[in-house]
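K.L.:
The structure's right below; bear with me while I get my questions together.
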Amino acid sequence: AVGGILSSLTFKLLDLRHHDEMLYMEAALSFVFPWCAYFVAEASELSGIVSIMSCGMVMATYTRPNFSPRAVRLTARAYKVVALIAETFVFVYLGMATITFPIFTYTVWHFFFWATLACFVGRLHIYIGSFLTNCFRDATSKPPPISPAY
């Protein structure tokens with residue numbers, strides 16, 4: 001949270017939102033403060049993930065009003081890209097670990113089978129709910145449109 005407050009004060013004092021040529025500097029600085037909060041927390045033997053989360057919540061509340069409108073759009077898109085890449089990396093790593101790391105002898109394929117089955121069972125309510133919804137929908141009704149932003 002301290003990193004978020006420091007970022008808010010920094011952006012307020014620098015007043016970068018009135019300088020169009022500093023768009024990328026605003027975006028770069030918005031990544032620096034959570035990164036510094038993470039390193040300070042890790043050096044203090046505290047949770048780095050919690051520090052990034054609290055810094056991000058404070059920055060969303062107090063730092064974003066000090067951004068230019070173009071910087072708000074740029075940083076929102078940049079954070080979405082970073083989140084997508086990180087999420088993809090985690091799931092690729094988990095998928096590779098399921099198959100390639102033999103934790104116990106001759107149990108890798110059994111583990112793979114049970115992990116896949118658990119994923120399908122965990123999402124079974126989606127398939128059942130969709131099927132039941134489609135069964136009771138009349139021919140004139142249409143599902144709600146998907147947002148273009150999604």
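The values are calculated or read from the model by the stated rules, or taken from the named source; none is laboratory data. Please read these numbers as outputs of a predicted model, since none were measured by experiment. Counting neighbours? That spans all protein chains shown, and the Cβs are built from the backbone with ideal geometry, glycine included. Each accessible area value is taken on the protein alone, full model and side chains, heavy atoms only, with ligands, DNA and RNA left out. Shrake-Rupley method; radii C 1.70, N 1.55, O 1.52, S 1.80 Å.
K.L.:
If I fit a long axis through the Cα atoms of helix 124-135 and take the longest principal axis of the Cα atoms of the chain, what angle between them do I get, 0 to 90°, rounded to 10?
P.N.:
The helix 124-135 is inclined about 80 degrees to the chain.
K.L.:
Run the accessible area of the stretch 28-150 with a 1.4 Å probe and give the carbon-and-sulfur part as a rounded percent. Intermediate values should be presented prior to the final figure.
P.N.:
Values: 7570 of 10140 Å².
Looking at the stretch 28-150 in its full context, I get 75 percent from C and S.
K.L.:
From the list (1) 17.9; (2) 17.4; (3) 19.6, can you say which value of Kirkwood radius over Cα pairs in Å was derived from the structure given?
P.N.:
Computed from the coordinates, Kirkwood radius over Cα pairs in Å corresponds to (3).
K.L.:
For the ranges 64-73, 25-34, 11-20, what's the packing order if you count other beta-carbon atoms within 10 Å of each residue, average per peptide, and put the highest first?
P.N.:
The densest-packed peptide leads the list: 25-34, 64-73, 11-20.
K.L.:
Something else about it: Counting heavy atoms of the protein chains only and a 1.4 Å probe, report the per residue accessible area for the chain as a whole number of Å².
P.N.:
Details: 11950 Å² over 150 residues.
Computed with neighbouring chains in place, this is 80 Å² per residue.
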